[in-house]
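Below is one structure; the comments refer to it alone.
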Amino acid sequence: MTETTKQPTRTRRDVIVAASCGVFVAAMVGMAYASVPFYDWFCRTTGFGGKPQIATSGPQGPVGRTITVRFDGNVTGGLPWRFEPEHNSIQARIGEVVTVNYLATNLAARETAGQAAYNVAPGTTGIYFQKINCFCFTEQRLGPGEKREMPVVFYIDPALAKDAELGDLNTITLSYSFYALREPVKPVAERGTVKAATN
């Protein structure tokens, strides 16, 4: 084979390798962007990682078994709030709709904003912990020194009573963590700064 015939073969091979590498990189970038929403969907569907479910309807009614539900409240750095449950724990019958309150207080002398994330422990109970209403994943704003009750309405799915692996379960912990939301930078005019008048 002459040098002249080798050149087109080598060029075609280089183009194929380059195109394959480009497709591979594009696929990996696409998978990286899709992994977060896919993982969130997976956790919401299966209750994996202690992700409570969002109920679309109420339960059929309570069954005899009672579970202790503990409540935990946390605030991450950068958010000057006190956030705690009204009660540390309650006794809830499986299938009973329960309303509990968390109390949030802004300790700053200015308005601040936060958003809560949550999970339940043990993680295997996430699929049975059905939330009807809560304050999580929505922006919460508190004025200077403002206090607010934040209700959570939930029930424990009666299907838990039929799960043989959770037959000896007697305690579930619902935990919330509030994170500070970054405030958008306001234009100079909105900060009350007056521009110097030009002569």
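The values are calculated or read from the model by the stated rules, or taken from the named source; none is laboratory data. Note that the coordinates shown come from a computational prediction; the quantities given were computed from them, not determined experimentally. All Cβ positions, even for glycine, are placed from backbone atoms using ideal geometry, and neighbour counts span all protein chains on display. Side chains are part of the model used for accessible areas, which takes the heavy atoms of the whole protein and leaves out ligands, DNA and RNA. Shrake-Rupley method; radii C 1.70, N 1.55, O 1.52, S 1.80 Å.
Summarised in one figure, the compactness ratio Rg/Rh of the range 52-181, Cα atoms and Kirkwood Rh, is 1.02. With all protein chains in place and ligands, DNA and RNA left out, the 1.4 Å accessible area ranks 128, 102, 179 as 179, 128, 102, largest first. Extension gain, residue 138-residue 99: 0.36 nm per intervening residue step, less the Cα-Cα distance, totals 12.2 nm.
Among the protein heavy atoms, those of residue 168 account for about 130 Å² of accessible surface (1.4 Å probe, every chain in place).
Accessible surface for residue 23 stands near 100 Å², nearest 10, in the context of the full protein assembly shown (1.4 Å probe). The modelled label-to-label distance between residue 91 and residue 168, using points 7 Å beyond Cα along the C-beta direction, is 2.2 nm. When the trypsin sites (Lys or Arg not before Pro) in the range 76-135 are filtered for DSSP coil states and for at most 11 other beta-carbon atoms within 10 Å of their beta-carbon, the remaining sites are 110.
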